[in-house]
């Protein structure tokens, strides 16, 4: 098969500020494609497919980008020390320990320390 990777897009009213966090806080490598477009190399990733049922779903489709870490406590402490807006405290969800970060423009991303087997 000719699939060689995946490309995700995040939409925000403050793209420059979000790009700065990915570049300066997360330290992700990137290419500058011109006109303000920075395309970031992501860490190893996996893709989960879950049923779209239950009280948390408004419709049958939803997408979510979640960032994984090895130690949620130290990761959140570092993100906070670098000015990232962390909502609340980490919670044990069974599958992992999660917390939400809010990026400029109100873009929310979950950060979690998995407790399940991972594909990466």
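At-a-glance table
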quantity	calculated
Flag if residue 50 is modelled with pLDDT under 90 and closer than 17 Å to residue 110 by Cβ	yes
Some residue of segment 102-118 being under 24 Å from residue 11 (Cβ atoms), over 16 Å from the mean Cα position of the chain (by Cα) and at pLDDT 95 or above	no
Subset of segment 11-46 [under 22 Å from residue 118 (Cβ atoms) and in contact with a helix residue (DSSP H, G or I) (Cβ under 7 Å, 6 or more places away or on another chain)]	28, 40
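The values are calculated or read from the model by the stated rules, or taken from the named source; none is laboratory data. This structure is a prediction, so every number in the text was calculated from the model and none was measured. Every residue, glycine among them, receives a Cβ derived from its backbone with ideal geometry; neighbour counts consider all protein chains shown.
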